[in-house]
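Student: My questions all concern the structure below.
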Amino acid sequence: MSLSVPKGTYGFRFGEDHELNLCKLYAAGADVITTPSYYWDGLERTDGPLLKFQYTLSGEGIYESNGRTYRVTSGHAFLAEIPSSHRYYYSPSASEPWHFIFLLFRPDLITAHWRKFVRNVGEVTSLPMDSAPIRLLRMIVTDAAAGRITDALIASSSVYQFMTELVRLQTTTRYHRQNWSAPIRQAVEYIENDYASMISMDQLAEHISMSKYHFIRTFSASTGFTPGAYLTRVRIEKAMEVLRGTSHSIEQIATQVGYSSGSYFIKAFRSLTGLTPGEFRSGGESLVYRKLFFD
């Protein structure tokens with residue numbers, strides 16, 4: 001595969017702005033390695049604290065950390081904290097050059113993003129080349145080479161957007177419906193279609209031939225919600241449509257979306273949105289929402 005981003009390392013040392021909290025881009029670049037002399041030890045570097053994301057376009061490198069050795073082949077990335085006990089180098093058994101692109105940035109403001117991603121996927125992970133983070137990484141390196149990262153604000157935006165896309169990719173991939181098992185998809189479809197007359201969780205689990213506790217665990221791992229929380233979300237989203245689109249009373253809407261009483265509906269609505277159904281409908285002193293989005 002040809003290297004489609006300019007080869008080279010581009011460093012950034014913008015001055016501090018004490019009025020703003022900014023992410024700090026340290027370096028971005030691309031390289032083609034053909035010699036074993038390419039070797040980095042995370043405990044010997046003196047330029048930390050830094051976070052490094054390095055993505056292989058083609059060829060192969062080696063990443064070692066916590067007693068484990070990883071082959072970092074095409075479509076794989078490693079995430080390293082500097083300083084820490086890790087090493088990465090050109091694979092001695094490689095039959096072709098190691099082509100990669102990378103970002104180095106300070107941990108300021110994004111440590112939580114970084115560690116959440118690493119906690120969920122590991123220090124070495126596979127990412128599609130056409131995924132949002134990798135497309136963005138290519139663009140950042142290209143912009144760096146073209147001299148378009150000209151100030152601390154542009155640099156900060158690049159780092160924060162990259163880390164946000166990484167975490168977002170991990171979250172959306174994990175919870176994407178196409179990755180759910182057939183029984184979980186069946187359960188979700190049942191909830192979405194029959195939310196107003198929903199059977200009990202015991203009955204729903206039986207309906208898809210699972211034990212109740214196995215169903216709850218599997219449903220939560222697949223969707224990110226317990227079955228009860230998913231049902232509440234569906235009911236409240238439907239209620240929003242009715243609140244905005246009709247003049248039905250709160251009691252009527254409560255019944256329509258599956259609640260036994262108006263008071264229970266109001267409590268559930270407020271718990272999820274921070275507003276009562278009446279406040280949502282009228283806007284009151286707040287913005288007049290057509291819909292609220294929540295995860």
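Student: Of all residues in the stretch 91-126 being of a type in the set (F, W, Y) and either over 17 Å from T164 (Cβ atoms) or not assigned by TED's automatic domain parsing to the domain that holds L166 (or both), which is surrounded by the fewest Cβ atoms within 10 Å (Cβ to Cβ)?
Tutor: Initial filter on the stretch 91-126 (of a type in the set (F, W, Y)): 98, 100, 102, 105, 114, 117.
With the extra rule that they be either over 17 Å from T164 (Cβ atoms) or not assigned by TED's automatic domain parsing to the domain that holds L166 (or both), the set shrinks to 98, 100, 102.
Values: W98: 25, F100: 24, F102: 20.
Within the stretch 91-126, the match that is surrounded by the fewest Cβ atoms within 10 Å (Cβ to Cβ) is F102.
Student: Right, something else. Here are M129, M139: which of them is surrounded by fewer than 16 Cβ atoms within 10 Å (Cβ to Cβ), out of contact with any Asp or Glu (no Cβ under 7 Å at 6 or more places or on another chain), touching a residue at least 40 places away in the same chain (Cβ under 8 Å) and closer than 21 Å to K7 by Cα?
Tutor: On the way: M139 fails: touching a residue at least 40 places away in the same chain (Cβ under 8 Å).
After ruling out the rest, the residue left standing is M129.
Student: Sort out which residues of the stretch 106-150 are over 15 Å from A80 (Cα atoms) and β-branched (V, I, T), and write them in order of number.
Tutor: Those that are over 15 Å from A80 (Cα atoms) and β-branched (V, I, T): I134, I140, V141, T142, I149, T150.
Student: Which strands (runs of 3 or more DSSP E) does the stretch 17-120 wholly contain that include 1 or more residues that are of a type in the set (A, V, I, L, M, F, W, C)?
Tutor: Working: elements: 25-33, 39-41, 50-58, 60-65, 68-73, 76-82, 86-90, 98-105.
Answer list for the stretch 17-120: 25-33, 39-41, 50-58, 60-65, 68-73, 76-82, 98-105.
Student: Confirm whether I140 is under 20 Å from the mean Cα position of the chain (by Cα), in a helix (DSSP H, G or I) and over 21 Å from D47 (Cα atoms). So that I can check it myself, show each step before the final result.
Tutor: Details: under 20 Å from the mean Cα position of the chain (by Cα): yes; in a helix (DSSP H, G or I): yes; over 21 Å from D47 (Cα atoms): yes.
Judged against the criteria, I140 is a match.
Student: Being under 27 Å from the mean Cα position of the chain (by Cα), within 19 Å of A196 (Cα to Cα) and part of a helix (DSSP H, G or I) is the filter here, so list the residues in the stretch 210-239 that pass it.
Tutor: P227, G228, A229, Y230, L231, T232, R233, V234, R235, I236, E237, K238, listed by residue number.
Student: Of the residues P107, P83, P183, which is more than 15 Å from Y55 (Cα to Cα), in contact with a Pro (Cβ under 7 Å, 6 or more places away or on another chain) and in contact (Cβ under 8 Å) with a residue 12 or more places away in the chain?
Tutor: Values: P83 fails: in contact with a Pro (Cβ under 7 Å, 6 or more places away or on another chain); P183 fails: in contact with a Pro (Cβ under 7 Å, 6 or more places away or on another chain).
Exactly one of P107, P83, P183 is more than 15 Å from Y55 (Cα to Cα), in contact with a Pro (Cβ under 7 Å, 6 or more places away or on another chain) and in contact (Cβ under 8 Å) with a residue 12 or more places away in the chain, namely P107.
Student: Right, another one. Report, by residue number, each residue of the stretch 232-266 that is under 22 Å from I191 (Cβ atoms), hydrophobic (A, V, I, L, M, F, W, C) and modelled with pLDDT of 90 or more.
Tutor: Within the stretch 232-266, V234, I236, A239, I253, A254, V257, F265, I266 qualify.
The values are calculated or read from the model by the stated rules, or taken from the named source; none is laboratory data. Every value quoted in this text rests on a predicted model; they were computed, and no experiment measured them. Here Cβ is always computed from backbone atoms with ideal geometry, including for glycine, and neighbour counts include all displayed protein chains.
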